[in-house]
Number of protein chains: 2
Amino acid sequence: MIDFGTLKYENDLILAIVQDRVSKEVIMCAYMNREALEKTVETGVAHYWSRSRQKLWKKGETSGHVQKVEEIRIDCDMDSVLLLVDQIGGACHMGYRSCFYRNLEGKIIGEKVFEPDEVY
Amino acid sequence: MIDFGTLKYENDLILAIVQDRVSKEVIMCAYMNREALEKTVETGVAHYWSRSRQKLWKKGETSGHVQKVEEIRIDCDMDSVLLLVDQIGGACHMGYRSCFYRNLEGKIIGEKVFEPDEVY
């Protein structure tokens, strides 16, 4: 196991890119501090650091849309990780499977899987 | 086209996650300023902002390992983009197809596609 102390945190955070293990769709990105990474490895369920709320955040705590982490990869610079997950429901708070549900033309190309009003 | 002025830059930068269009492998992440994004759209070839060198950076300028950008998606928060690219050679300066060539156990699981010494 890579020593989490050797990772290159920036303001105590590393970037986490999250990919659906099966469809290979990139579904979101977020930040982790060391505690979030440790919790993720320990529990097998994705935890992040919410920069807006300044607290540890278990993804899906409110919505039930948790992410079961199947594999974690680390990049050459040791400053970001790639999570391969089984996403329950949708990753995006807007109701889409992926946060990247629009192209640069502004056209919606992602799949809507829930109604935010019914979940939050 | 989404107005690039409406994107949520942090210190003038947005995050770019780069995915191989065909294999769906996440191959790297980097930062873009507005100019890099505009250059990317204009030329169809990925440009980033190098935070270490503090300059615009055409990916593959030295190595020839350019990225032809087929599609750009934007996330719900408007603070990161996903690039779907055709990667010539490898994305990683260590010679791998993807920068995420190791798992959290430190085991190399990525494909080596060139010898850095012969390229840089």
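The values are calculated or read from the model by the stated rules, or taken from the named source; none is laboratory data. Bear in mind the structure is a predicted one, so any value in this text is a computation, not a measurement. Reconstructed Cβ throughout: ideal geometry from the backbone, glycine too, with neighbour counts over all protein chains shown. Ligands, DNA and RNA are excluded from the accessible area calculation, which covers all protein heavy atoms including side chains. Shrake-Rupley method; radii C 1.70, N 1.55, O 1.52, S 1.80 Å.
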Using θ = phi - 60° and the Karplus form 6.51 cos²θ - 1.76 cosθ + 1.60, what ³J(HN,Hα) does each residue of the range B:46-57 get, whole Hz, x for Gly and Pro?
-> 5, 10, 10, 9, 7, 6, 6, 9, 6, 7, 4, 9
Length-normalised contact order for the range A:41-102 - Cα pairs under 8 Å, 6+ apart - percent | 22 percent
With a Förster radius of 30 Å, plug the Cβ-Cβ distance of residue B:50 and residue A:86 into 1/(1 + (r/R0)^6) and report the FRET value to the nearest 0.05.
-> 0.30
Loop only per DSSP, at most 12 neighbouring Cβ atoms within 10 Å: give me the GluC sites (Glu not before Pro) in the range B:4-72, ordered by residue number.
-> B:61
Place a +1 charge on the Cβ of each Lys and Arg in the range A:43-120 and a -1 charge on the Cβ of each Asp and Glu, then give the dipole magnitude about the Cα centre in debye, rounded to the nearest 20.
-> 220 debye
Spelling it out for residue B:81: with amide H atoms placed in the peptide plane at 1.01 Å from N, the residues 5 or more places away or on another chain with amide H under 5 Å from its amide H are B:15, B:16, B:17
Cβ-Cβ FRET estimate between residue B:11 and residue B:71, R0 fixed at 22 Å, reported to 0.05 = 0.25
Rounded to the nearest 20 debye, dipole of the protein assembly as shown from Cβ charges on Lys, Arg, Asp, Glu = 80 debye
Based on the alpha-carbon gyration tensor of chain B and its eigenvalue square roots a ≥ b ≥ c, which shape applies: rounded if a/c is under 1.5, prolate if not and a/b is larger than b/c, or oblate?
-> prolate
Restricting the count to DSSP beta bridges whose residues both fall in the range A:15-120, what percent are antiparallel, rounded to a multiple of 5?
-> 75 percent
With an 8 Å cut-off on Cα pairs and a minimum separation of 6 or more residues, tell me the relative contact order of chain A in percent.
-> 22 percent
Rounded if a/c under 1.5, otherwise prolate or oblate - the protein assembly as shown, Cα gyration tensor axes | oblate
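Using a ≥ b ≥ c from the Cα gyration tensor of the range A:55-120 (square roots of the eigenvalues), is it rounded, prolate or oblate, where a/c under 1.5 gives rounded and otherwise the larger of a/b and b/c decides, a/b for prolate?
Numbers: a/c = 2.23, a/b = 1.29, b/c = 1.72.
Here the range A:55-120 falls in the oblate category.
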To the nearest 10 degrees, how steep is helix A:34-43 against the longest Cα principal axis of chain A, on a 0 to 90 scale?
-> 70 degrees
³J(HN,Hα) computed for each position of the range A:99-116 - Karplus, 6.51 cos²θ - 1.76 cosθ + 1.60, integer Hz, glycine/proline x = 5, 8, 9, 10, 8, 5, 7, x, 7, 7, 10, x, 8, 7, 10, 7, 9, x
Specify which residue in the list A:37, A:72, A:89 is farthest towards the positive end of the charge dipole of the range A:8-120, using unit charges on the beta carbon of Lys, Arg (+1) and Asp, Glu (-1), about the Cα centre.
-> A:89
In nanometres, what is the gap between the two model label sites at residue B:78 and residue A:118, each 7 Å from Cα along Cα-to-Cβ?
-> 2.9 nm
In the range A:52-120, which trypsin sites (Lys or Arg not before Pro) fall in coil by DSSP and have 14 or fewer other Cβ atoms within 10 Å?
-> A:53, A:107
Between copies, how far apart are the residue A:35 label points? List them in nm, one decimal, shortest first, with each point 7 Å from Cα toward Cβ, please?
-> 4.0
In straight Cα distance, which lysines are under 23 Å from residue B:107, not counting same-chain residues fewer than 8 positions off?
-> A:8, A:24, A:39, A:68, B:24
Residue A:12 accessible area, assembled protein chains, probe 1.4 Å, Å² | 120 Å²
Going residue by residue through the range A:59-70, the Karplus relation 6.51 cos²θ - 1.76 cosθ + 1.60 with θ = phi - 60° gives ³J(HN,Hα) values, rounded to whole Hz and with x marking Gly or Pro, of 4, x, 4, 7, 7, x, 8, 7, 10, 7, 8, 8
